[in-house]
Amino acid sequence: MANSSIKIIKSEEDKQQYISSLLNDIQALEQMLAENKFEKGVQRIGAEQEMVFVDEAFRPAFIGPEIKETMNRPYVTTEYARFNLEINLSPILFEGSCLTELKQELEEKISEVEQEAHQKNAQVLLTGILPTIRKSDTSPESMTPEPRYQALLENVNRLRGKQYEFNIQGLDELITRDNPSTFGGCMTSLQLHLQVDADKMVDMYNWAQLISAPILACATYSPVFLGKRLWHETRIALLRQTTDTRKPYSNLINEEARVSFGNDWLKNSVAEIFHDDVAGYKAYLTTEFQEDALEVLKQGGVPKLEALNFHNGTIYRWNRICYGVFQGKPHLRIENRILPAGPTIEDELANTAFWLGLMNALPEQYRDIQEKIPFDRVKTNFLKAARLGLEVEFEWLDRKLISARELILEELLPLAHEGLKKVGVNESDCSHYLDIIRKRTESGNTGSRWMLQSYEQLLKQSTTPDEAWVAITAGMLERQQSNEPVHTWKLASVKEAGDWKNRFWRLDQVMTKTLYTVEENDIVDLAAHIMSWKKIGHIPVERDGELVGIITKDSIITYYANNSGEDFSQIPIRKVMVTEPVTAQPDMLVADAIELIVESNISCLPVVKDKRLVGIITEHDFVHISRHLYQELMDNDENS
């Protein structure tokens, strides 16, 4: 949705004009379908590549709008967040050397962007979600300063309020109340397009829905967000919640989220999906529409269907049907939105070949699929793949349970090869890219699995979680530049994190985030036992979720020494705790925190944001930092 004149519908007149234009376009589409106006017998492919910019510390680099302005290329567009950018590839015929051409154009355009990024001491990373994104990177200030994004932000805030709960459960759990828009720029993908004949669209779209689960299962690359290990493809859950405009009571009336896999098969016509979009999703935004589509048809022209395309752009189906006009001829295409960006261009081309080959195969037993498998089962398969990647079983035709690996290796890869051969794609490209999918599936080494295994190994080496994600991001970037497929990657090492400033510069990089807290009316005996069990010397004290004090071993000993006659087991913590403790903000420099601890003669420093406890740093943490820095100095001396 690239229109810069987008505005929120605020009057009945705006709404009526919008709906009138939309219904006019729907009628024009139905007339074009009835009169066979669409281009037929031609298959084209295309792609949109989203990317992230990272700085020298492997954190988000907020340079997207500046890069776009400097490059001044029509194929470069901004994205929601200032640390993202998108490039659009040219549509090409689905035949012969198309994969080689796609790769060549992708490499050339990414290289152009990289050259500009290097001028700003940044690099391009292809990933579903950047592992080093911090909460401070998701503020409204991180949004690209364009009217269309501001309109989207205002609309979501108006409908849902500026704060509501995000809840994603995986190996870890993300629960936060936040502005629903601030996470919108944290996800990047590779979106694929395939032109499809209008009279084949029902079967082809339903087939695209069916194969989404195995396609995603072997391509996951976003298992972490804000330091939490969530779904193997966390994008799927996060984007749904970020763009959700439903009211809290919507579950009572079965209203669908704007990011959706859908609720049913197409039955008879492609127009059904546009009917559902108009009937099921309220109009909240509008822009200026110049044409009367029915009048254009009457005059023998080809309409742009501006209102229909605009409305379609506000609904984010994972498989989306798009209308377009190319070289004066109208066409329909399927847009695959399920794939993350990365891990490498080789991997992206392999994912592309797998999807295109499968789409073009469509064997006879999968036609009229709506009669052979319930849609809910297919939707469940998709969500299972997003949660667990290749480590799932799918319920397939005839209620057969089959593992993702078996389905891909035994049935789908041969089908994909057949589908590519049908349009004469070069055999060398077919074999090369599908072999990457085969080896990735056999090994189980998706991008998500590589990240999770690297994280597990790094933590065993006494690495802090933040330090581990920095090292992993650095490793992703280095391996991406080698363009070796992800299934061949060695696990990340802490040395890849680079300079100590990348790991130990700010408190949110080194503070302990796994916290044990007590409340002021709990008994001291509880605090003492927690300290003993967990081998810690400090426990923050909260009241209604806000920090009000801290209880330490020293404060317990001091109170006991001065009040030895009391029944110690019944003393409330409020009598013993240190009130108004010295605190710090997450973005405080580690050097400043050390100075604050020394000047205040304390042994720990609670870290708070908006009065809420977000971490704690103690003398022990500084010993850990010193040990790593000492080892780094020793290694540098040995290498010099």
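The values are calculated or read from the model by the stated rules, or taken from the named source; none is laboratory data. Everything quoted here is computed from the prediction, not taken from an experiment. Positions of Cβ are backbone-derived with ideal geometry, glycine not excepted, and every protein chain shown enters the neighbour counts. Only protein heavy atoms, including side chains, enter the accessible area calculation; ligands, DNA and RNA are left aside. Shrake-Rupley method; radii C 1.70, N 1.55, O 1.52, S 1.80 Å.
Positive end of the charge dipole of the stretch 1-130 (Lys, Arg +1 and Asp, Glu -1 on Cβ, about the Cα centre): tell me which of Gly96, Val113, Leu23 has its Cα farthest that way. Of the options given, the answer is Leu23. Averaged over residues, the count of other Cβ atoms within 10 Å places the peptides 258-266, 226-234, 540-548 in the sequence 226-234, 258-266, 540-548, highest first. Loop-located chymotrypsin sites (Phe, Trp or Tyr not before Pro) across the stretch 494-558 with a Cβ neighbour count of 15 or fewer within 10 Å are Trp500, Tyr516, with loop assigned by DSSP.
Could you please state how large a percent of the accessible area of the chain is carbon and sulfur, counting protein chains only and using a 1.4 Å probe? Taking all protein chains in place, the chain shows 47 percent carbon and sulfur surface. Annotation: peptides 96-106, 347-357, ranked by per-residue average of other Cβ atoms within 10 Å with the highest first, follow the order 347-357, 96-106. Shape of the stretch 357-397 from its Cα gyration tensor (a ≥ b ≥ c, root eigenvalues): rounded if a/c is under 1.5, otherwise prolate when a/b > b/c, or oblate? In terms of gyration-tensor shape, oblate. Between the Cα long axis of helix 590-600 and the first principal axis of the chain there is an angle of about 30°, rounded to the nearest 10.
Which of Leu477, Gly537, Tyr323 sits farthest toward the positive end of the charge dipole of the chain, with +1 on the Cβ of Lys and Arg and -1 on the Cβ of Asp and Glu? Farthest towards the positive end: Tyr323.
Dividing the alpha-carbon Rg of the chain by 2.2 N^0.38 Å yields what?
Compactness ratio reported: 1.07.
Helix 553-562 sits at what angle to the longest principal axis of the chain, using alpha carbons and giving 0 to 90 degrees rounded to 10? The two axes meet at around 30 degrees. In the stretch 316-424, the convex hull through the Cα atoms has an average projected area of 8.7 nm², a quarter of its surface area. Here the peptides 124-131, 206-213 are ranked by packing, the mean other Cβ count within 10 Å, and the order with the highest first is 124-131, 206-213. Restricting attention to the stretch 438-592, lysine pairs at least eight places apart or on different chains and with alpha-carbon atoms under 25 angstrom apart total 18. Think of the stretch 172-234 as having a plus end and a minus end, set by charges on the Cβ of Lys, Arg, Asp and Glu; of His193, Ile211, Leu226, Leu226 sits farthest toward the positive end of this dipole. Against the chain, whose longest principal axis is taken from its Cα atoms, helix 413-422 shows a tilt of about 40°.
Over 24 Å apart at the Cα level, from the set Lys103/Lys200; Lys400/Lys421; Lys15/Lys298; Lys15/Lys200; Lys10/Lys282, are Lys103/Lys200; Lys400/Lys421; Lys15/Lys298; Lys15/Lys200.
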